[in-house]
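The values are calculated or read from the model by the stated rules, or taken from the named source; none is laboratory data. Since this is a predicted model, take the numbers as computed values, not measurements. Every residue, glycine among them, receives a Cβ derived from its backbone with ideal geometry; neighbour counts consider all protein chains shown. Ligands, DNA and RNA are excluded from the accessible area calculation, which covers all protein heavy atoms including side chains. Shrake-Rupley method; radii C 1.70, N 1.55, O 1.52, S 1.80 Å.
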Amino acid sequence: MKKIICYGDSNTFGYNPKNGSRLGENIRWTSVLQKNLGTEYKVINEGMCDRTGFVNNPKGFLFSAPEHFPKYISESENIDILILWIGTNDLQFLYNIDLSTIEQGLGNLIKLAKTKAKKIIIISPVILSEKIVEGAFNYQFDKTSIVKSNEVGILYQNLAQIYNCIYFDVNKFVKPSDIDGLHYDEHSHKIIAENLAQLF
């Protein structure tokens, strides 16, 4: 059985934009991917709401991939495939992050992942919609966040090529919910899983 680790933030966790709950076990893209791939694979969801990828989050260790991911990787064994979907929360205006920091940070995570994972899939951050400045997360994201979300995809694609990873541009297949401009609804989770499954 091949082990697939899905490391990410709230869209991996399965945040429900309708009410802030967690989408049901059978609805999250990780679970749908498991169903599509069958018993030859074991899909493990390592998503955490508000997790940052390249800057430390004031909430602490589990929310800060620069601190948490190295320990997680060092303690993990037999990772056949790592799906890395991180970086959207770094676009919060609190962090005022620049593209070079994103590029360096993602490169660091990929290099760590390559010490344990046989295959790595890099998923682009969500392209935030204008709805985010009207919704529940406008205290974290602004129009500058939207601009950056449109710019970072090429960095992810280039780094995937440099480090011989697979690049998956989620924005080609789905858009975030109009409710908050950030998270995906049930239908989108299904589409994400179906298209990811084509990479196996």
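For the chain, what is the accessible area per residue in Å², given a 1.4 Å probe and the full set of protein chains?
Using a 1.4 Å probe on heavy atoms only, each residue of the chain averages 46 Å².
With unit charges on the beta carbons (Lys and Arg positive, Asp and Glu negative) and the dipole taken about the Cα centre of the chain, which residue among VAL126, VAL32, TYR95 sits farthest to the positive side?
It is VAL32, whose Cα lies furthest towards the positive end.
Just the number, please: carbon plus sulfur as a percent of the accessible area of the stretch 107-191, 1.4 Å probe, no ligands or DNA/RNA counted.
The computed percentage sits at 52.
On each of the three principal axes of the Cα atoms of the stretch 140-180, give max minus min coordinate, whole Å, ordered largest first.
Rounded to whole Å, the extents work out to 35, 21, 14 Å.
Give the value in nm², to one decimal: projected area of the alpha carbon convex hull of the stretch 91-158, averaged over all directions.
If I average the Cα hull's projected area over directions, I get 5.0 nm².
Using only the alpha carbons, work out the radius of gyration and Dmax of the stretch 1-127 in angstrom.
14.4, 43
Helix by helix, which DSSP H runs in the chain go 15 Å or more along their axis at the Cα atoms and have an average Kyte-Doolittle hydropathy of 0.5 or more?
For the chain, where a helix must reach 15 Å along its axis and average at least 0.5, the hits are 99-113.
Using a cut-off of 15 Å between beta-carbons, work out the net charge of the residues near LYS59 (Lys and Arg +1, Asp and Glu -1, LYS59 not included).
Result for the local shell: -3.
Please report the antiparallel percentage of the DSSP beta bridges confined to the chain, to the nearest 5.
5
With a 1.4 Å probe and all protein chains kept in place, how do GLU186, GLU46 rank by accessible area, largest first? Present the calculation step by step, with values, prior to reporting the outcome.
Values: GLU186 90, GLU46 50 Å².
Highest to lowest solvent-accessible surface, that is GLU186, GLU46.
In whole Å, what is the distance between the alpha-carbon centres of the stretch 15-79 and the stretch 97-111?
Their Cα centres are 19 Å away from one another.
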